[in-house]
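Structure record follows, encoded as structure tokens.
Throughout, read-outs are computed from the coordinates displayed, never taken from laboratory work. Quantities reported herein were computed from a predicted structural model and do not represent experimental measurements. Cβ: placed from backbone, ideal geometry, glycine included. Neighbour counts: every protein chain shown.
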Amino acid sequence: MEVTRTKVEGDLRVRQLKAQQLLRGELEGEDLEREVEQRLLFTRFEVAQNWARKNALFPLGFGLACCAIEMITVIGSPRNDLSRFGAEVTRFSPRQADLLILSGRVSIKMAPIIRRLYDQMLEPKWVIAMGACSSTAGMFNNYAVVQGADKFMPVDVYVPGCPPRPEALIYGIMKLQDKIMGNPGMGWRERYRAEGTEEIA
Amino acid sequence: MTEALDVPYRERERSVTMQSIGEEHDELLTINIGPHHPATHGVLRLLTTLEGEIVRDVKPIIGYVHTGIEKSCEDQQYWKVIPFVERMDYLSYYFNAMAFCMAVERLLDEEVPERAQWLRVIHLELNRIASHLFWIATGSLDIGAITMLWWGCRDRDLALDLFEMSGGQRFHTRYFQVGGVVEDIPPGFEEMTRRFIKTMRVRIPQYLSLLDRNEIWLQRTKGTGIVPAEDLLAFGVTGPLLRAAGHPWDLRKATPYSGYENFDFNVPVGTVGDNYDRFRVRVDEMLESLKIIEQALDGLPEGPYITTNRKVALPPRHELATSMEALIHHFKLVTEGFRVPPGETYAAVESPRGELGCYVLADGSAKPARVHVRDPSFVNLQALPEMARGHLLADFITCIAMLDPILGGVDR
Amino acid sequence: MPDATGLELIAQRVREKVGDEAVTGTVFHRRHATLDVAPPSVRDVLAHLRDDEGEPWDQLMSVHGVDYLPEEPRLGIHYELLSMERADRLNVRTRVSTEEPHVPTVVDLYPTADFHEREVFDMFGVVFDGHPDMRRILMPEDYEGYPQRRDFPMGGEPVIYTFNEPKLPRWYD
């Protein structure tokens, strides 16, 4: 996030007094201008909007199979919990949620329902395919499982694992946050200087 | 009309009673508590026919997580079937693997060494505790006691740490193999398990003090969802539901398997068969499981942790350097797998939800010809219409929570 | 399990009570007892096994289908019975062919068979005459084919390795 900022002068007690006066409206004229200038952040509107969006993701309460148990552990367990990212509020109505975590195997009977849920969500919306079964079909290469959720809906982040550890899901959500901010990590392309080799579909 | 408006508003309100919409009112409303719903414990679709708020009929529609596991198993070698079967009832993964391994060991006529049996019992009971903890976490979330969600998930993490120590993964560890377990428990496992037992012995009474003396919880669970034991038996329901109704049937006591006859434990049985009894039976089962784990740790025998029959189990790594037969056995087992003589059998274990049975048909090759799992949730779901009839919608949600269906097992 | 002689005695009693052509054989393998019956008399045999005073098999635990493909008749239906007083299990098996896959239903004797029979119909195509709601239960209602028969293809996609990557059609073709 690009910010320009000037440092506030004085030690802590002086700064606190000045801030108190500013809030109470007791400063006038030049004093007021100087204090306000020292506390301003400058950035672009889109950046601020993305920052707000990434820190307040509302996941849709949606779980299909075993990965759902790990997802509930991420949301509900005190050890790895999603509240630290501001995403603890799971809304159960798709109109109120913006993150769909597809946790579990997608069977052919369930696929149109998931598509309908995704269509009901309002923009901006993101999808995390959690686990091997929703990214590709995992170990289920058969008649009853859709071979990957990206066959019928766009997916932003794939989290591998069967089921992925809660830490892996949190890493996936952090990657999604980077993507929302606009600079998704390039991963191995950075390390091997392979910019320009991405496939754009 | 103008005369009516002269009457003050409060008096007009009081004269409107609901008596005309009484018992004779026959308008039934069928709504769809759809596959995506916070309270259905997975993707279960319920076509509910309501009269006002009272449930008159429920039709469960399943199949939204059908993964064709049974068909996939026909294409895999026997030891590769174990991860597939584990993912059916995805909260009690060790029980699925146990039923399958018992069936295949019976077909092979294979004897499981005693240490392996006791290790299996320890892991099965730990999984029972983990499953009940998750049940109480999500069940209480449905009923409204949200604190139990945090407590249940927190303690479940402790049990999953133990699984990670022994099996390498929190979930779906492929720890049970045909003939025993895949690896011995590491040093430090016993101490951590004892610490876990001590912690749980303090925490389970805390859960009871939160829920059991809570007036709202008692009013919501006592007296709701009563089905008499004969009806449950007609529906084929087993497990804590049947025990809560007063019928003491537990496969660990009736047909002991894998060394359960060596342990001294009680089976909690309820009296009335309402949701409160189901809740208490499961919480008491957790305490009994702690007893079993403690006895198993105290008396764990020495010995091999997997059968020494090299035609079925992989030889230990150090033998591969010295013995040619071990190398050949290893090669055959890894590439082709062991062959099972033709036959069919059915083996059942007592999972946290009821009787989990596995039917295996072998045709002499290295891949099973048919694997079918009799899942307890599939059968228990048939009792749901009976449980819900005549109750309010809120009590219906309590019934589903106390029924503890796991849709992975229902749909397979 | 009843042992081999117990199984023979059960078979003999069923032959006496229900009829001689009902029981077509017994199999006792690895402590698992199976009673083979002919398809039209399945219901009578199960009713006898449940109601007769000498026969305590009052619980039906599972109804499942099997496809014995190279052998005829192809489809088998197993009824897994449990006796709670004796802690004993008995398996009753019938075989039908795919041309005539009709078996009488046992839903009125054992209400638990409802979902089980629907699943056998869904996966194998065996029609249970008299079942109140013979519909598909696990697959979508308009699905064609019976997935768990041995000759039904496994489905899914071919896995892409380097040796077959150029030959498989990709999504951008």
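Things worth noting here:
- Only Lys, Arg (+1) and Asp, Glu (-1) charged, at Cβ; segment A:1-145 dipole about Cα centre in debye: 800 debye
- With the highest mean first, a sort of the peptides B:346-357, B:178-189, B:319-330 on other beta-carbon atoms found within 10 angstrom per residue produces B:346-357, B:178-189, B:319-330.
- Neighbour counts of other Cβ atoms within 10 Å put B:T138, B:T49, B:T30 in the fewest-to-most order B:T30, B:T49, B:T138.
- Rounded to the nearest whole Hz, the Karplus-based 3J(HN,Hα) values (6.51 cos²θ - 1.76 cosθ + 1.60, θ = phi - 60°) of segment B:72-81 follow the sequence 5, 5, 6, 9, 10, 5, 4, 6, 7, 5, with x at glycine and proline.
- 0 to 90° range, to nearest 10: angle between helix A:166-181 axis and chain A longest Cα axis: 60 degrees
- Cα-based reach from A:K18 at 29 Å (exclusive), listing lysines while leaving out same-chain residues under 8 positions away: A:K7
- Binned Cα-Cα distance frequencies in chain C - 10 Å width, integer %: 9, 34, 29, 14, 7, 5, 2
- Modelled spin-label separation between A:R24 and B:D298, with each label point placed 7 Å from Cα along the Cα-to-Cβ direction: 7.1 nm.
- In the distance distribution for chain B, Cα-Cα pairs more than 39 Å apart total 26 percent.
- When only Cα pairs below 8 angstrom with a gap of at least 6 residues are kept, chain A shows a relative contact order of 17 percent.
- The eigenvalues of the Cα gyration tensor, multiplied by 5 and square-rooted, give the protein assembly as shown an equivalent ellipsoid with semi-axes of 49, 36, 28 Å from largest to smallest.
- Taking the C-alpha atoms only, the angle from helix B:275-298 to the longest principal axis of chain B is near 20 degrees.
- On Cα atoms only, tilt of B:93-108 relative to the major axis of chain B in degrees: 40 degrees
- Extension gain (nm, one decimal) between B:D184 and B:L29, 0.36 nm per residue minus Cα-Cα: 50.1 nm
- Largest-first principal axis extents of the Cα set of segment B:39-118 (Å): 59, 30, 19
- Peptide ranges C:120-133, B:266-279 listed from the most packed, as the mean C-beta count within 10 angstrom indicates: B:266-279, C:120-133
- Volume per residue of the C-alpha convex hull in segment A:42-136, rounded to whole Å³: 107 Å³
- From phi via Karplus (6.51, -1.76, 1.60), per-residue ³J(HN,Hα) for segment B:260-270 in Hz, x at Gly/Pro: 5, 6, 7, 9, 10, 8, 9, 10, x, 10, x
- In this structure, the amide hydrogen of C:S62, modeled 1.01 Å from its nitrogen in the peptide plane, lies closer than 5 angstrom to those of C:E80, counting only residues at least 5 positions away or on a different chain.
- Point-to-point label distance, A:R39-C:D58, nm (Cα→Cβ direction, 7 Å offset): 8.0 nm
- Per-residue HN-Hα couplings for segment C:66-80 [Karplus 6.51, -1.76, 1.60; θ = phi - 60°; Hz; x = Gly/Pro]: 9, 10, 8, 4, x, 8, 10, x, 6, 8, x, 10, 10, 10, 9
- Take B:198-209, C:40-51 and order them by the average number of nearby Cβ atoms within 10 Å per residue, most first; the result is C:40-51, B:198-209.
- What the pair-distance distribution of segment B:320-378 shows, using all Cα-Cα distances binned every 10 Å from zero, is 21, 30, 26, 18, 5, 0 percent.
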